[in-house]
Amino acid sequence: MLGFYLRNQLSPKGGIKGKMKIWKNVKALSPVVASIILIAVTVAVSIAVAAWMGALTFTFMATEQVQITNMAFGPSANPSWIAVTVNNTGTSPVTMNEAWINNVKHTTTFPASQLPANIGANSGLVLNITMTNNPLMVNGNNYQVKLVSSKGNQFMYSAVAPTQ
């Protein structure tokens, strides 16, 4: 008796065919329309990914391009100075935060009393670095200037002080 009860509960009158009805009046999307919708969604997603990757690429490609083209030496008296010509060859502005001569940090007197100094895109600047710390400049010695940008990039240049 229990078997008869369970069998009737699991498969109602009409069996499986009674549960599955064929809907003759309901129309589905045609395969052509479905394909067009899938292609449109794929193109929209690919455009969004391409825009995101393009923005990401430009962020990483924005590098600082700075060249030190000349060093002019002032008198070797106390305090002596070195005029450094800096050119920004990139397309974005660069901010110089530190000036070092032979691994000793120094201050600048031009264009402002202290760094940081902003260098616009495709422009140049002359930094006058005052050597107030020992050792003072000696004629005939080699001097290496290192400028450090706000992003931490280092730009170096070496020159020999003229002999008198």
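A short reminder: the numbers here are calculations on the coordinates, not readings from a lab. All of these numbers come straight from a predicted model, not from anything done at the bench. So basically every Cβ, Gly included, is an ideal-geometry build from the backbone, and we count neighbours across all protein chains shown.
At-a-glance table
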| item | result |
| --- | --- |
| Cα-projected label distance for W100 with T69, points at 7 Å along beta-carbon direction, nm | 2.6 |
| Separation in nanometres of the label points that stand 7 Å from Cα toward Cβ, at N128 and V43 | 6.4 |
| Gain on full stretching of the segment that runs from W52 to S158 - 0.36 nm per residue minus C-alpha separation | 34.0 nm |
| Separation in nanometres of the label points that stand 7 Å from Cα toward Cβ, at S30 and T109 | 8.6 |
